[in-house]
There are 2 protein chains.
Amino acid sequence: MKQGSSAGAEPPTDRAADRVVAVLERRIYSGELHDGQMFPSEREIIGEFSVSRTVAREAVKILVGRGLLEDRPRHRPIVRKPGYGTVTNVLGGLVQHLIGQPGGVGQIFEVRIFVEAGLVRLAATDATKDDIRHLREALNRNWDCIEDSEAFYESDKDFHAVFYTIPGNPVFPAIHHSFCDWLDGHWRMMPRLPERNRRNFEAHESILNAILERDPDQAERLLRSHLNDAWLQVKDTFKDL
Amino acid sequence: MKQGSSAGAEPPTDRAADRVVAVLERRIYSGELHDGQMFPSEREIIGEFSVSRTVAREAVKILVGRGLLEDRPRHRPIVRKPGYGTVTNVLGGLVQHLIGQPGGVGQIFEVRIFVEAGLVRLAATDATKDDIRHLREALNRNWDCIEDSEAFYESDKDFHAVFYTIPGNPVFPAIHHSFCDWLDGHWRMMPRLPERNRRNFEAHESILNAILERDPDQAERLLRSHLNDAWLQVKDTFKDL
DNA sequence: TTGTCAGTTTGGTATGACTAAAAATAGAAT
DNA sequence: ATTCTATTTTTAGTCATACCAAACTGACAA
């Protein structure tokens, strides 16, 4: 039975597993399989599709690879309805490997700066009253934990996160989440100095002020300076890579 | 309750395939396995690692899923040294599915506009003589194929591509490539009118002029208008999704 | 009610076998 | 000798079976 996959992906796929994958995939997207849990066991798949265990396993593996399933070593797979988050998780995982290339880390951080620079410009020109309020609140939380480096790091991320929400496009928060995930580990091995927190707080404050004055150029300039500063801080932790 | 994915990989990975994958992976990254072709056959893997065929196959599948290998139905897998291109390929594949969500397509296009807006600003402020020359040449090519819609579409992409090269960061061209891949199919089912080509050409021309005048605001404004226009053109082709 | 333990389910792995497509090789035809 | 063709070998795809160990379930005892 030669079955050509409808339209799109790779040219010739006549593998039986692909058939199974197609069905199960649709079943996930349609919501027939809820996001929470429980995916048919390998044996159940065998029964339903009349395929060998080999094929059933392979199908599951493929779904896992696409981020539609999550599998723990000896557990039943869990359904993971894909959102933009899933995408960036997969992306992040790959990036993790790509940064082995010379300068890779820096290039990714460059992109982060690029994106966030665009976002603060947007904030300066389009931020609503609500956006401003969110920024203010985040800034206040920065101040509250300025003595606790651990907490400050979290509130620092939260402040930046606000910018990613302003366009009202879910892709942006996903991107931010991806960046944070990626940096988290390294950020932690960075020396924590309250003076540094204060410095970052002041940077945030000045950026917010530029936004309040509706001055995108100034906001961008300050943001770039702030992130470049941050980059210098974490840069060394990537040395061993 | 969310799982804290902060520390490294998942704790319990006792799968034999993972061991094999780790070794082969390193072998690819180290360059021991050249990008071109030839990956150990399943039997060879069996021999080297003393594992069953099941495990060998699974290992290969995982590598394929990560984009390090490319497998055609009945061929020997070929090594694909991962670049940023690989990342965006995987990303693109997933995005393909995500656009099933309401408004998903528009959101992605929004991101494209956002990114490119930032790029033209950069071009207006930082473009080198070479960059300008590339833009000029691309624009001339636009003019040359203004009567041939098929060719114009290609040269149109080329013009935009130049912006992605200006930062000198390979991530950007990869992003562009990803966008194009994603749009290609839909763009094709769009009515082609020479007058539209002319309109696009003029937009490109005006953008280049703004860049030559080192006026980022104007360049961004024109770019946004240009892409919004383009969006209106393709928008309808996504209706059935 | 709670903790323990045996039975069941399920994924992980190993074998062995068979098919069909691809690659390699030998052989025939020019 | 070169080219084309037929045959052999290799290899991925699939199936069936079996066993183990971890996870899950539920009955039973404390």
Task: Overall form of the stretch B:150-231 per C-alpha gyration tensor (a/c, 1.5; a/b vs b/c) - done: oblate
- [ ] Go ahead and run the numbers for FRET between A:Thr54 and B:Asp181, Cβ-Cβ distance against an R0 of 35 Å, rounding to 0.05.
- [x] 0.60
Open item on the list: Along the Cα→Cβ direction, 7 angstrom out, place labels at B:Arg72 and B:Asp144. What is the inter-label distance in nm?
Closed with: 3.2 nm
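Do any trypsin sites (Lys or Arg not before Pro) in the stretch A:121-202 lie in a loop, going by DSSP, with at most 16 other beta-carbon atoms within 10 Å of their beta carbon, and if so which? Write down the numbers at each step before the final one.
Numbers: sites: A:Arg121, A:Lys129, A:Arg133, A:Arg136, A:Arg141, A:Lys157, A:Arg188, A:Arg192, A:Arg196, A:Arg198, A:Arg199; in loops: A:Arg192.
The qualifying sites are A:Arg192.
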Open item on the list: Modelling each spin label as a point 7 Å along the Cα-to-Cβ direction, I'd like the A:Arg43/B:Lys129 distance in nm, to one decimal.
Closed with: 7.5 nm
Open item on the list: How far apart, in nanometres, would the label points at A:Lys235 and B:Glu154 be if each is projected 7 angstrom from Cα along the Cα-to-Cβ direction?
Closed with: 4.3 nm
Task: Estimated FRET transfer efficiency (B:Leu212, A:Arg221; beta-carbon r; R0 25 Å; 0.05) - done: 0.60
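Any read-out appearing in this document is the output of simple, stated calculations on the displayed coordinates, not a laboratory observation. Fair warning: this is a prediction, and the values are worked out from it, not measured in the lab. Cβ: placed from backbone, ideal geometry, glycine included. Neighbour counts: every protein chain shown.
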